[in-house]
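Novice: One structure coming up, written as structure tokens, with questions to follow.
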Amino acid sequence: MLIPPPLSLYVHLPWCVRKCPYCDFNSHAAKGALPFEEYVDALVRDLDHDLPLVWGRVVNSVFFGGGTPSLFPPEAIDRFLQAASARLRFAPGLEITLETNPGTAEHGRFDRYLAAGVNRLSFGIQSFDDAALQRLGRIHDSAEAERAVKLAQDAGYDNINLDLMYALPQQTLAQAEDDLLRAFALEPTHVSHYQLTLEPNTVFYARPPKGIPDDDSAWDMQEHCQRLLAEAGYAQYEVSAYARPDRQCAHNLNYWRFGDYLGIGAGAHGKITSGAAQHVLRRWKHKHPQTYMAQAGGEAAIGGDEIVPAERLPFEYMLNLLRLHEGFSVADFSARTGLAADALAAPLAQATQRGWLEETDAGRWRPTELGRRFTNDVIELFLD
């Protein structure tokens, strides 16, 4: 029996000051004044159109991603949240995250974001090395990054994530360590620490920068930084996510546990489970902001709908769950996919034989240390 899981709301705000050469997200460099009011109007129309998919369900987290959501004034964020909470059942005290670029942080805005209901900030720092930031095409420097985080803390924020990358062009192990030490000095509650990858359709993919560390050097950085994070009190709970006790990102945890999420905004993706129809629906919206705003609220704004075939569900489930250190239970798998335990028998046997997965005394399956090094290979076992 397919049972609808917890529900989140994702809101995509697609503009940024300048598109970074490594970024493959749906982001568009701002040209002139941005249509904040018109875009919020489109978001509300989009939400109204999708409401029948989730009617009566409780929303457990909200995430504003981009682009650079902090380009939007607090009043625009507040207006959307008021409209959304009037239409959806927001759980008491739900986590509401806003992605923030230090180069767009202004004194006096953070307290107004907090008043609007945003209770978690995620800063895209990437590095505290000014030369590295220039090579990455970032619009801020290290001093601006530190100042922005402190401004947010002064405004009352006590739940802050810092995004950092490693294996950057020309980066050494000592520089990767220094990035973390400077992050620790700011005392964030959460650190996202991930390797720079050259994604298709990016400038870096077409013209790779010089001096990218090789695989062995990148692995050395990863292992060393994982030790530093653990020693500083940040427990790893996902491939690239580390948190203080009880400060894991609720929104991302819902993604990784194969939860549902309503995707609103230009290029936003959603996943919705229907208990009545017994299927998992994926829906995405048109990517270009102008096209999206013109069509939001109607079928034309939908870029596509897909009912996930039953034979692909094991792979999609594992693509998310095997990123988590907590692993999964077979009962959870059946509830999230509607499939019997037999669907996992053969790949679980292979993964166990190769030493990639292990079953705990509590009956949960989780990646071994070896399995975490070969995550993609483990996941491929579950392809139909």
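Novice: Tell me, which residue of the stretch 52-78 that is in contact (Cβ under 8 Å) with a residue 12 or more places away in the chain and part of a loop (DSSP other than H, G, I, E, B) is surrounded by the fewest Cβ atoms within 10 Å (Cβ to Cβ)?
Specialist: Filtering the stretch 52-78 for residues that are in contact (Cβ under 8 Å) with a residue 12 or more places away in the chain and part of a loop (DSSP other than H, G, I, E, B), the one surrounded by the fewest Cβ atoms within 10 Å (Cβ to Cβ) comes out as 56.
Novice: Residue by residue through the stretch 164-184, note down the ones that are in contact (Cβ under 8 Å) with a residue 24 or more places away in the chain and surrounded by fewer than 20 Cβ atoms within 10 Å (Cβ to Cβ).
Specialist: Matches in the stretch 164-184: 169, 170, 173, 175, 177, 178, 181, 182, 184.
Novice: Just to verify a result, which residue in the stretch 167-183, among those that are aliphatic (A, V, I, L, M) and under 24 Å from the mean Cα position of the chain (by Cα), is farthest from residue 141 (Cα to Cα)?
Specialist: Of everything passing the filter in the stretch 167-183, 167 is farthest from residue 141 (Cα to Cα).
Novice: Please work out if residue 292 is out of contact with any Ser or Thr (no Cβ under 6 Å at 6 or more places or on another chain) and either closer than 20 Å to residue 42 by Cβ or of a type in the set (Ser, Thr, Tyr) (or both).
Specialist: It is true that residue 292 is out of contact with any Ser or Thr (no Cβ under 6 Å at 6 or more places or on another chain) and either closer than 20 Å to residue 42 by Cβ or of a type in the set (Ser, Thr, Tyr) (or both).
Novice: Cβ-Cβ distance below 8 Å, separation of 6 or more or different chains: which pairs start in the stretch 136-152 with a residue that is assigned by TED's automatic domain parsing to the domain that holds residue 67 and over 16 Å from residue 20 (Cβ atoms) and end on one that is among the hydrophobic types (A, V, I, L, M, F, W, C) and surrounded by fewer than 20 Cβ atoms within 10 Å (Cβ to Cβ)?
Specialist: 146/186; 149/186; 150/186
Novice: Taking the stretch 31-51, which residues are in a loop (DSSP other than H, G, I, E, B) and surrounded by fewer than 16 Cβ atoms within 10 Å (Cβ to Cβ)?
Specialist: Those that are in a loop (DSSP other than H, G, I, E, B) and surrounded by fewer than 16 Cβ atoms within 10 Å (Cβ to Cβ): 31, 32, 33, 35.
Novice: Let me ask something additional. Output yes when any residue across the stretch 83-100 is surrounded by 16 or more Cβ atoms within 10 Å (Cβ to Cβ) and within 30 Å of residue 208 (Cα to Cα), and no when none is.
Specialist: Checked the stretch 83-100: at least one residue is surrounded by 16 or more Cβ atoms within 10 Å (Cβ to Cβ) and within 30 Å of residue 208 (Cα to Cα).
Novice: Out of all the residues in the stretch 79-115, which are more than 19 Å from residue 251 (Cα to Cα) and either in contact with a Lys or Arg (Cβ under 7 Å, 6 or more places away or on another chain) or assigned to a helix (DSSP H, G or I) (or both)?
Specialist: Within the stretch 79-115, 79, 82, 83, 86, 87, 102, 103, 104, 110, 111, 112, 115 meet the criteria.
Novice: Pick from 262, 281, 228: which is in the same structural domain as residue 160 (by TED's automatic domain parsing) and of a type in the set (A, V, I, L, M)?
Specialist: 228
The values are calculated or read from the model by the stated rules, or taken from the named source; none is laboratory data. Being a predicted model, the structure only gives us computed values, none of them experimental. Using ideal geometry, Cβ is built from the backbone for each residue, glycine included, and neighbour counts are taken over all protein chains shown.
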